[in-house]
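To start, the structure under review is shown below, and the notes come after it.
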């Protein structure tokens, strides 16, 4: 086998239809593009989301509200869940690193502790936000709190 003898397998290629080469070709005259109009001419490009004169979807569907670009999203943990998590994952301190390593949050998640439920253990917290009631409950149980930004 030589490089100059290589060719595609039989039936793998075919000749393209030659458009606009006379009526006898079967593709003459309008070259299968219909009669007149922008779409039959060179350089035609339809507008994005154009639906042929029908009211486009972005105008048909009603708009509601807005997305606040300054909103800060937190992963929320309640005090009632902390004892369960600490027992399951052997936590003595609740930090973003510990929670990320154990798959409880994503890399860039911010953590907020809320006061829903009771806490029995003595834990140290290093989180992004915490309610005042949760802070006082943790300190009453002998834990420590550090807020990081």
| query | Does residue 24 satisfy the criteria of being in contact with a helix residue (DSSP H, G or I) (Cβ under 7 Å, 6 or more places away or on another chain) and farther than 30 Å from residue 144 by Cβ? | reply | no
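Every residue, every condition in (1) closer than 30 Å to residue 111 by Cβ; (2) modelled with pLDDT of 90 or more, yes or no:
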| residue | (1), (2) |
| --- | --- |
| 5 | no, yes |
| 21 | no, yes |
| 27 | no, yes |
| 49 | no, no |
| 54 | no, yes |
| 66 | yes, yes |
| 81 | yes, yes |
| Out of all the residues in region 132-149, which are in contact with a strand residue (DSSP E or B) (Cβ under 8 Å, 6 or more places away or on another chain) and buried (at least 16 other Cβ atoms within 10 Å of the Cβ)? | 134, 135, 138, 143, 145
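Return the only residue of 20, 29, 80 being surrounded by 10 or more Cβ atoms within 10 Å (Cβ to Cβ), out of contact with any strand residue (DSSP E or B) (no Cβ under 6 Å at 6 or more places or on another chain) and closer than 30 Å to residue 120 by Cα. Walk me through it before giving the result.
Numbers: 20 fails: closer than 30 Å to residue 120 by Cα; 29 fails: closer than 30 Å to residue 120 by Cα.
Unique residue meeting the criteria: 80.
The values are calculated or read from the model by the stated rules, or taken from the named source; none is laboratory data. Here the structure is a predicted model, which is why all the values come from computation and not from measurement. Cβ: placed from backbone, ideal geometry, glycine included. Neighbour counts: every protein chain shown.
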